[in-house]
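Input: a single structure, listed below in structure tokens.
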Amino acid sequence: MSLRTIIFASCVLLGTAMVFGQEQTPTKEPTPAKTTLAGTWYAQFETPFGMQTYQLQFTPEGDAAAKATAHVEAEGEKRDVEFTEVKITDDTISFAEVRQFDQRELRIEYSGKLKGNDLVLSRMFGNRNGQEVVATRQVPKRQPTTEVAPLVEVKIDHLLKDAGKDFFLIGMAGDLPARYSAEELALAAEHFAAITPENCMKPERLHPQENQWQFERADALVEWARQNQMTIHGHTLVWHAQTPGWFFEGDDKEVIKQRMKEHIHTLVGRYKGQLQSWDVVNEAIDDRGGPQAAKTENLRNSKWLQALGPEFLTLAFQYAHEADPTAVLYYNDYNIESGSKHESSMVLLRRLLADGAPIHAVGIQGHWRSGSVPFKEIEKAITDYASLGLKVSITELDVTIRGASGGQFGGGFNRRGFRSATPPSLEDLKQQADDYAQLFAIFKKHQDVIERVTFWGLNDRRTWRWGQHPLLFDAGNHPKPAYVAIVDELENRDSSKATEPPQQIKIEDGGQGPFSAIATEDASLAGITIYRPQDLSPFGREAKLPILLWGNGACANTTEEHKNFLSEIASQGYIVLGIGPLDQLTDRNEASRQRTQAKQLLTALDWIIAENEKADSTYAGKINTTKVAAMGMSCGGLQAIEISSDPRITTTIVCNSGILANPSQIPAMPSLQKEDLKKFHRPVLYIMGGPSDIAYNNAMDDFARVDHVPIVMTNLDVGHGGTYRQPHGGEYSRVALAWLDWQLKGKQAASKMFLGEDSELKQHDRWSIEVKNFDSP
Ligand code: XIL
């Protein structure tokens with residue numbers, strides 16, 4: 001290949017018009033490659049199997065000596081690649097990677113073009129799937145898909161497979177267990193009752209040569225399904241795709257028939273009694289229809305048809321039935337619910353039945369697209385097939401959020417033919433949830449006909465329509481709104497609530513801490529506002545959120561007055577459970593004056609401890625349940641004291657409050673007596689507003705009386721109102737956070753705010769501080 005053709009080829013790949021500039025100077029010697037592309041680049045390719053990070057190295061030493069290598073790190077593997085066919089020009093590069101997969105050689109072609117400081121790099125597998133990324137000079141910050149926080153937090157309280165069990169089996173496709181993470185395997189086993197091998201029982205995988213069978217993956221799947229009590233649905237015996245050419249070699253019809261028979265007998269026979277059903281013939285009807293074709297079977301011009309004629313279907317069913325007389329046998333296809341393909345499917349099925357083919361069921365694949373699911377046609381198709389005495393399953397359900405739907409190939413490419421992983425919007429997720437719910441309403445209505453509904457994949461990472469977000473779990477295994485919408489539909493519950501995400505309100509700018517905070521709520525914890533980092537993905541095994549229980553001034557039923565302060569604390573990595581429903585933050589009304597009780601704080605504590613234990617909770621494993629502060633302002637400060645005897649409380653913070661000399665006559669106020677100071681069993685901090693604070697005397701008296709635990713009294717001369725309403729909660733936040741960091745996060749440095757002759761508050765000209773009962777250092 002000359003340099004000109006090379007440039008041309010790479011420009012075609014890049015879809016640019018740059019070639020014309022080259023065309024005009026055909027006689028000029030090609031300019032030697034500059035070194036702009038030389039050196040190290042980093043590129044990350046998101047794939048269905050996780051992120052692949054490439055550290056690329058280019059050495060553009062003239063065409064012949066040009067070199068490209070890479071160190072690749074991907075989930076579960078590291079490898080070094082020496083690329084072939086490396087071509088480097090001024091600002092473009094192309095090269096190829098050849099990999100072995102099973103028995104097959106996979107060619108990946110790369111092409112890149114400099115754009116400013118970046119290199120726009122695309123890669124193509126064969127001539128179909130492409131992917132485009134921007135390679136940079138810096139080491140990328142790896143963001144594994146599994147850790148991405150979901151857009152909507154969805155809580156599962158009923159399992160899908162349980163919700164469906166009175167109606168039909170609910171299954172998924174995948175070649176489990178190999179290459180699936182422990183988390184994914186657990187997810188699959190928990191939520192699905194049936195499994196379909198996505199690829200490992202297809203002829204090309206299982207039977208690559210006439211005299212060669214590879215049963216390892218298929219056997220492993222059958223064993224895994226057995227261990228997890230899942231039924232198995234075989235897929236697929238006779239198909240035009242993913243079938244090796246040797247089946248059709250030579251022109252002898254009898255030989256080809258014999259090969260089909262051998263294949264089916266060996267495979268179906270091997271798993272006899274273990275697989276509940278088989279997709280015997282897959283996708284035999286042509287896509288191109290029309291009024292004339294609708295009256296006929298309109299069979300696809302496949303090699304099977306060419307070799308054996310229309311009889312190939314009948315034969316396949318007979319062979320399968322011979323090999324396992326108890327297996328339910330399916331004809332499986334896509335788009336057969338619609339238009340002329342549906343008509344053709346009816347013609348074909350009638351013929352098979354008339355010929356005595358042992359066919360029992362029809363598989364409607366169900367590769368649909370959100371916003372344009374043909375509900376009416378689907379329902380009609382189900383009843384049409386039932387009228388022939390056949391059962392129906394939805395065998396490959398996925399409803400994409402964007403991108404082409406249906407067909408033999410997953411679609412999901414952008415204009416230039418590259419996959420993109422643009423995340424779905426909230427509206428997308430809602431539309432998808434509604435579509436799924438409507439589908440399941442139809443399936444439930446026809447439960448007497450429908451045997452099984454199988455999703456084609458486990459999650460939005462393990463899907464052939466990757467980038468189109470078609471399934472019930474996102475790429476990080478979080479359930480999507482569609483999951484709950486389906487369960488609610490099956491259980492006749494109002495799904496509108498479930499699909500509506502819990503509201504998230506950002507206070508000010510989300511706080512000054514490293515974790516932008518939100519105020520939110522949870523349907524299972526009534527009357528409590530939760531302040532927490534919006535993105536909980538950084539929390540888990542090591543960093544966990546300590547708990548802050550909060551009671552409001554006037555024991556009000558809203559945290560509205562303290563929202564800046566509480567949001568600021570949350571942004572530093574705390575979870576705050578404050579008394580009051582979330583909506584009172586935005587629409588404060590009568591309800592905010594409703595009586596509240598200290599025990600609400602303990603209910604909230606019980607709740608968050610339980611959530612931390614629940615595997616499917618938003619908060620699972622993210623909470624430090626052994627570090628709990630009881631805190632409140634004024635009347636809420638008394639609520640904090642009231643619960644301080646609970647052994648789970650690690651520290652108490654009383655703000656602008658103290659126990660009254662005589663129990664209060666105000667009904668809402670906890671009627672505490674000085675005796676109740678005994679409830680403290682761990683260190684205590686008072687944050688007060690100086691002598692003008694109406695609670696000042698009560699607080700100072702408390703301080704004088706407490707001799708059994710370490711206690712700190714701080715005063716800032718701002719009066720009873722404190723600084724809660726100031727931006728980020730003002731000075732009070734700084735002091736409260738130092739205490740919390742010290743007491744709940746064990747940060748000794750933070751104690752400098754309080755301890756010692758040169759403590760920060762002692763030095764401060766507006767704060768005053770007194771400290772008691774600490775062991776002297
Ligand atoms: C798809 C698999 O999901 C992909 O992993 C594979 O590369 C191609 O096949 N109809 C079918 C399925 O019957 O076998 C196809 O599965 C999807 C379309």
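Of all the numbered requirements in (1) modelled with pLDDT under 85; (2) farther than 30 Å from G245 by Cβ; (3) polar (S, T, N, Q), T136 misses one, and that requirement is (1). Residues in the stretch 305-323: is at least one within 16 Å of the ligand (Cβ to nearest atom) and more than 23 Å from D175 (Cα to Cα)? Checked against the condition, which is being within 16 Å of the ligand (Cβ to nearest atom) and more than 23 Å from D175 (Cα to Cα), the stretch 305-323 yields at least one hit.
Does A33 qualify as being at pLDDT 85 or above, aliphatic (A, V, I, L, M) and touching a strand residue (DSSP E or B) at 6+ places or on another chain (Cβ under 9 Å)? For A33, the condition - at pLDDT 85 or above, aliphatic (A, V, I, L, M) and touching a strand residue (DSSP E or B) at 6+ places or on another chain (Cβ under 9 Å) - is not met. Pairing residues of the stretch 229-240 that are within 11 Å of L329 (Cα to Cα) with residues that are within 12 Å of the ligand (Cβ to nearest atom) and acidic (D, E), at Cβ distances under 8 Å and at least 6 apart in sequence or on separate chains, gives H233/D279; G234/D279; H235/E198; H235/D279; T236/D279; L237/D279.
When the residues of the stretch 612-625 are filtered to those that are touching a residue at least 40 places away in the same chain (Cβ under 8 Å) and outside any loop (DSSP other than H, G, I, E, B), the one that is nearest to R648 (Cα to Cα) is T625.
The set of residues in the stretch 208-228 that are assigned to a helix (DSSP H, G or I) and away from the ligand (no atom under 16 Å from the Cβ) comprises E216, D219, A220, V222, E223, W224, A225, R226, Q227. Selection of the stretch 289-344 for residues being among the charged types (D, E, K, R), surrounded by fewer than 18 Cβ atoms within 10 Å (Cβ to Cβ) and in a helix (DSSP H, G or I) yields K303, E311, E322.
Being farther than 27 Å from A604 by Cβ, more than 17 Å from the chain's Cα centre (by Cα) and within 16 Å of the ligand (Cβ to nearest atom) is not true of R465. Among the residues making up the stretch 160-175, those that are free of Cβ contacts under 8 Å to residues at least 60 places away in the same chain and touching a helix residue (DSSP H, G or I) at 6+ places or on another chain (Cβ under 8 Å) are K161, D175. Within the stretch 188-207, the set of residues being away from the ligand (no atom under 12 Å from the Cβ) and either buried (at least 21 other Cβ atoms within 10 Å of the Cβ) or part of a loop (DSSP other than H, G, I, E, B) (or both) comprises A188, H191, F192, A193, A194, I195, L206, H207. Residues that are part of a strand (DSSP E or B) and either closer than 20 Å to R300 by Cα or assigned by TED's automatic domain parsing to the domain that holds E396 (or both) occur in the stretch 238-261; there is at least one.
Of all residues in the stretch 647-664, how many are not in a loop (DSSP other than H, G, I, E, B) and not aliphatic (A, V, I, L, M)? The number of residues fulfilling the criteria is 3. Residue pairs whose Cβ atoms lie under 7 Å apart, sitting 6 or more positions apart in sequence or on different chains, and linking a residue in the stretch 289-310 that is on the phi > 0 side of the Ramachandran plot to a partner that is in a helix (DSSP H, G or I), are G290/S340; N298/S344. If you filter the stretch 671-693 down to residues that are touching a Pro at 6+ places or on another chain (Cβ under 8 Å) and modelled with pLDDT of 95 or more, you find that the one that is surrounded by the most Cβ atoms within 10 Å (Cβ to Cβ) is V684. For the stretch 435-447, the condition of being surrounded by 24 or more Cβ atoms within 10 Å (Cβ to Cβ), in the same structural domain as Q594 (by TED's automatic domain parsing) and either at pLDDT 95 or above or not in a loop (DSSP other than H, G, I, E, B) (or both) holds for none of the residues. Within the stretch 252-304, if we keep just the residues that are of a type in the set (S, T, Y) and in contact with a helix residue (DSSP H, G or I) (Cβ under 7 Å, 6 or more places away or on another chain), the residue that is farthest from the ligand (Cβ to nearest atom) turns out to be T296. More than 16 Å from the ligand (Cβ to nearest atom), touching a helix residue (DSSP H, G or I) at 6+ places or on another chain (Cβ under 8 Å), over 25 Å from G356 (Cα atoms) and assigned by TED's automatic domain parsing to the domain that holds A186 - does that describe any residue in the stretch 229-236? Looking through the stretch 229-236, at least one residue is more than 16 Å from the ligand (Cβ to nearest atom), touching a helix residue (DSSP H, G or I) at 6+ places or on another chain (Cβ under 8 Å), over 25 Å from G356 (Cα atoms) and assigned by TED's automatic domain parsing to the domain that holds A186.
The values are calculated or read from the model by the stated rules, or taken from the named source; none is laboratory data. All values reported here derive from a predicted model rather than from experimental measurement. Note: ideal-geometry Cβ built from the backbone for every residue, glycine included; neighbour counts use all protein chains shown.
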